[in-house]
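Please read the structure below before turning to the comments.
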Amino acid sequence: MFNIEVEKEKIDTPALLIDLDLLEKNLKTMSDFFKNKKAKLRAHTKVHRTPILAHKQIEYGAKGICCQKVAEAEVMIASGIKDVIVTNEIVTLEKINRLVALSDYAEISVPVDDISNAKLLSKVAFNKKKKLKVLIDIHMGSNRCGVEPGEPALKLAKQIHELEGLDLVGLMGFEGHISGIEPREKRRGEIEKLEGQLISTKELIEKSGIDIKEVSTGSTGTYNVSGEILGVTEVQAGTYILMDSGYHQHVPEFYCALSILSTVISKPSSDRFITDAGLMSMYAHNQLPKIVGPSNFKVISVHAENTIVKNVKSEKINIGEKIEFIPPYLDGTVKLFDKFYGIRKDKIETVWKISGRDTSN
């Protein structure tokens, strides 16, 4: 264990770092946006899988959190978090039993898009004398989960409304596939169109006599539009807290607070060097990572345990020196490590265990 005030240069590599100043700026930026909005932030934790960071998101105004898997929710609820949506369809009996058991300790909700799944959730909850909150998952063009908006969603709502053990509280929609549309004004138009389908579906269901309290949607890439749409009650955003290089270009108001510290292990020529962090330390299958600092360095390729960097202007660098990479994708990178080093002014301030690292079920 490191003592406080140890320089980050002394950390063995590869290592996962969080710039605490940038982290706090990101939290404040998102918090400030939602201060006077009717919609609330619901922070996604799959990007960091770490309870202390989830608690920080709540400290900065999030009403609750999202988890992608039951195991992740178990970790977060064990840390004292009381309001969780598991934003994935949960269909196996084992997971449903675990999900319903969590309702003893927190307010837990789950999306459904099929009546057979709803009936199984209902059966387990009713047999355990529980009332499980559910949201109808509405397909919004991502070609992932979700019943179609309008009449198909209304039909499912009526069926769920008749089931014992379930409390239909709202609608959920995911439109992450448009988070990278540029320019942002064009993105705004697409968000308003898709989330308009959510709101019109809500109105259709309510005309049938079924109350819809929550409309949960959005992402880091849509937060500033989703959070202002009348009828949206909560926005699911997560990447904003740490930010990766792939997403940063679309929401530049959030800083890349997470980096991977790596050591130069070879310098075969003046224009090329190799570091000790590769695909086993950062998810970089579709895009190359960025380098923190010198623009004269450019990543050429990422291999299993190494990254090859071009030294464009033959800048002086020695074997044993440290380089930081910003990964292109947070979620896949964080689960490769068991801890974060929290850094402030180039020194270790804290070390946080990634308790939910292996929560993939």
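Brief remarks on what is shown
- Other residues whose C-beta falls under 9 angstrom from the C-beta of Lys347 contribute a net charge of -1, scoring Lys and Arg +1 and Asp and Glu -1.
- Vicinal HN-Hα couplings computed from phi for the range 26-35 (Karplus, 6.51 cos²θ - 1.76 cosθ + 1.60; Hz; Gly/Pro x): 5, 4, 5, 4, 5, 4, 4, 4, 8, 4
- Cα-only Debye scattering, the range 142-260: base-10 log of I(q)/I(0) at q = 0.14, 0.22, 0.23 Å⁻¹: -0.63, -1.20, -1.27
- Whole-Å semi-axes of the range 1-46's equivalent ellipsoid (Cα gyration tensor): 33, 12, 8
- Scaled radius of gyration (Cα, divided by 2.2 N^0.38 Å) that the range 83-147 gives: 1.08
- Backbone geometry of the range 54-61 corresponds, through the Karplus equation with coefficients 6.51, -1.76 and 1.60 at θ = phi - 60°, to 3J(HN,Hα) couplings of 5, 5, 5, 4, 5, 4, 8, x Hz, x marking Gly and Pro.
- Mean-position separation - Cα centroids, the range 341-361 and the range 156-171, in angstrom: 39 Å
- Degrees, to the nearest 10: 115-127 long Cα axis against longest axis of the chain: 80 degrees
- Length gained on full extension, Ser314 to Lys213: 30.3 nm, using 0.36 nm per residue less the C-alpha separation.
- From helices alone, the chain scores -8500 deg cm²/dmol at 222 nm; the rule is -39500 (n - 2.57) for each run of n ≥ 4 DSSP H residues, then divide by the residue total.
- Taking 24 Å as the limit for the C-alpha separation, the pairs Lys56/Lys335; Lys37/Lys193; Lys40/Lys95; Lys38/Lys82; Lys25/Lys345 exceed it in the case of Lys40/Lys95.
- Convex hull volume of the Cα atoms of the range 254-342, normalised per residue: 100 Å³.
- With 0.36 nm allotted per residue and the present C-alpha distance subtracted, the Glu9-Lys158 stretch has 47.7 nm of extension available.
- Average projection area in nm² (convex hull over Cα atoms of the range 37-242, one quarter of hull surface): 10.6 nm²
- Within straight-line cross-link reach of Lys347, lysines at Cα separation under 17 Å, skipping those fewer than 8 residues along the same chain: Lys8, Lys10, Lys322, Lys339
- Sites count as exposed loop sites when they are chymotrypsin sites (Phe, Trp or Tyr not before Pro), lie in a DSSP loop, and have at most 15 other Cβ atoms within 10 angstrom; the longest stretch of the chain without one is 106-361.
- Length released on extending from Asn143 to His285, taking residue separation times 0.36 nm less the Cα-Cα span: 49.0 nm
- Cα gyration tensor of the chain - equivalent ellipsoid semi-axes, whole Å, descending: 41, 22, 18
- Amide H to amide H, with H built 1.01 Å from N, Asn306 comes under 5 Å of Gly278, Leu279, counting only residues 5 or more places away or on other chains.
- The shape of the range 1-153 can be summarised by an equivalent ellipsoid whose semi-axes, obtained from the alpha carbon gyration tensor, come to 34, 19, 15 Å from longest to shortest.
- Per residue, the convex hull around the alpha carbon atoms of the range 182-315 comes to 130 Å³.
- Amide proton proximity set for Met140, modelled H, under 5 Å, gap of 5+: Phe174
Every number here is computed from the coordinates shown, using simple stated rules; none is lab data. From a predicted model like this one, the values you see are computed outputs, not experimental measurements. Neighbour counts are summed over all protein chains in view; Cβ atoms, including those assigned to glycine, are modelled from backbone coordinates with ideal geometry.
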